[in-house]
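In what follows, a structure is listed as structure tokens, so that the remarks can point back to it.
Please treat every number below as a calculation from the coordinates, not as lab data. Since we're looking at a predicted model, the values are computed, not measured. Cβ: placed from backbone, ideal geometry, glycine included. Neighbour counts: every protein chain shown.
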Amino acid sequence: MVDKPDDQELRRKLTDMQYNVTQGHGTEAPFSGELNDNKSAGKYLCVVCGAHLFDSDTKYDSGSGWPSFYDVANKENLGETRDGSLGMTRTEVHCKHCDAHQGHVFPDGPAPTGLRYCINSASLKFESSEE
């Protein structure tokens, strides 16, 4: 794991929502995130450290209200942890470099992976590849 900024620096760098989601394992309200309806070509990066997590060509509309991807850009950048909160068992995903919470992965996605990475817009920064 890469050294992440200290808490004071994170609070200056991130919005309250970004801080709550990435550091407090929070979740933004469905259909409220600015990247949910984004259809531009590009990369989705960790908002805390800039690690490349997802690509636009694996993003799809799951109808869940959060940006959804069926695969990761680089498996070395995204870790998984068992999450037993809210009375259910889920698999949380986080940035392996700075441990920022991203969202959860579910086994109900489309081919070819069958996975749905349900990710908070607040945990991502979008880098467009369009001119």
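A count restricted to region 78-131 and to residues that are touching a Ser or Thr at 6+ places or on another chain (Cβ under 7 Å), more than 15 Å from L53 (Cβ to Cβ) and among the polar types (S, T, N, Q) stands at 1.
When T22, T58, T27 are checked against the criterion of being surrounded by 14 or more Cβ atoms within 10 Å (Cβ to Cβ), in contact with a Phe, Trp or Tyr (Cβ under 6 Å, 6 or more places away or on another chain) and among the β-branched types (V, I, T), T58 stands alone in meeting it. Looking at V72 and the list (1) hydrophobic (A, V, I, L, M, F, W, C); (2) under 15 Å from K125 (Cβ atoms); (3) within 11 Å of the chain's Cα centre (by Cα), which single condition is not satisfied? Condition (2) is where V72 drops out.
The residue list T22, T15 contains one member that is more than 18 Å from C118 (Cβ to Cβ) and among the polar types (S, T, N, Q), which is T15.
If you go through region 4-32 and keep only what is in a loop (DSSP other than H, G, I, E, B), of a type outside the set (A, V, I, L, M) and in contact (Cβ under 8 Å) with a residue 24 or more places away in the chain, you end up with K4, P5, T15, H25, G26, T27, E28, P30, F31, S32. The residues on offer are H101, H94, H52, and the sole one that is of a type outside the set (G, A, S), touching a residue at least 24 places away in the same chain (Cβ under 8 Å) and either farther than 16 Å from A122 by Cα or surrounded by 17 or more Cβ atoms within 10 Å (Cβ to Cβ) (or both) is H101.
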